[in-house]
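Worksheet: the structure to be examined is printed underneath.
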Amino acid sequence: MSKLILYGTEASPPVRAAKLTLAALGIPYEYVKINTLAKETLSPEFLRKNPQHTVPTLEDDGHFIWDSHAISAYLVSKYGQSDTLYPKDLLQRAVVDQRLHFESGVVFVNGLRGITKPLFATGQTTIPKERYDAVIEIYDFVETFLTGHDFIAGDQLTIADFSLITSITALAVFVVIDPVKYANITAWIKRIEELPYYEEACGKGARDLVTLLKKFNFTFST
Ligand SMILES: N[C@@H](CCC(=O)N[C@@H](CS)C(=O)NCC(=O)O)C(=O)O
């Protein structure tokens, strides 16, 4: 097996999604910390690896792969003992892919980045109400996806759970997940957090992010 290197910072939700996939597969890898707040992703050395300058970035035998969704799908396809985390069955895979695109295009961009970008870039701590509404819409979708299912893409754990657990729990820092209205989401988070490798791959980084975000004294406008 070739040597794998994951570049990232543990507070980053997509980095933790990739770490969860690596942990679930039991793949050894080297972890190289990249400080995004210190703009280390913009160094000439990192830009040669990933011109889009994002973490996670995976190095496999001199090849560079980025975007957590592409990384997780690649890892399962190349190194998985079975296909359960990213099913080969086309219909099952389509559901997983839909959830991954939902995370990428809606949850991360419209939900999380819509709130964190102004916070980090300009220190703007009054978050417009439409950002709150966008998060509620995301929770409503996720609650529906989980109706009658233990996992986000059906009855088995997949890389879509790894992707969404990291960004949904990050959104919860801004908009608390009501355990009554969102009983499915609440039970699903607990289910994922109980995975034997969760704490090492994701737990501490998730707490680091909470600490970082809570430093901003944010409120939603009415
Ligand atoms: N959709 C991408 C998002 C990656 C992303 O935006 N990562 C952020 C950290 S959470 C980053 O690298 N920011 C630093 C930069 O863009 O230079 C993925 O899933 O990998």
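The values are calculated or read from the model by the stated rules, or taken from the named source; none is laboratory data. Note that the structure is a prediction, hence the values are computed from the model and not measured. Cβ coordinates were reconstructed from backbone atoms using ideal geometry, including for glycine residues, and neighbour counts include every protein chain displayed.
Within the range 78-101, restricting attention to residues that are free of Cβ contacts under 8 Å to residues at least 40 places away in the same chain and within 15 Å of the ligand (Cβ to nearest atom), the residue that is surrounded by the most Cβ atoms within 10 Å (Cβ to Cβ) is ASP97.
When you check ILE185 against the structure, is it farther than 22 Å from LEU37 by Cβ, aliphatic (A, V, I, L, M) and not assigned by the TED database to the domain that holds VAL55, yes or no? Yes, satisfied. Take GLU40 and decide whether it is within 14 Å of the ligand (Cβ to nearest atom), without any contact (Cβ under 8 Å) to a residue 24 or more places away in the chain and out of contact with any Leu (no Cβ under 6 Å at 6 or more places or on another chain). Taking the combined requirement at face value, the residue satisfies it.
If we keep just the residues of the range 5-18 that are closer than 10 Å to ILE71 by Cβ and in contact with a Leu (Cβ under 7 Å, 6 or more places away or on another chain), which is nearest to the ligand (Cβ to nearest atom)? This residue is ALA18. Against the criterion of being within 16 Å of the ligand (Cβ to nearest atom), of a type in the set (Ser, Thr, Tyr), in contact (Cβ under 8 Å) with a residue 60 or more places away in the chain and in contact with a helix residue (DSSP H, G or I) (Cβ under 8 Å, 6 or more places away or on another chain), THR54 does not qualify. THR166 - would you say it is crowded, with 20+ Cβ neighbours inside 10 Å, out of contact with any strand residue (DSSP E or B) (no Cβ under 9 Å at 6 or more places or on another chain) and either not aliphatic (A, V, I, L, M) or not assigned by the TED database to the domain that holds ALA134 (or both)? Yes: the conditions hold for THR166. Residues in the range 20-36 that are more than 9 Å from the ligand (Cβ to nearest atom) and assigned to a loop (DSSP other than H, G, I, E, B): 5 in all.
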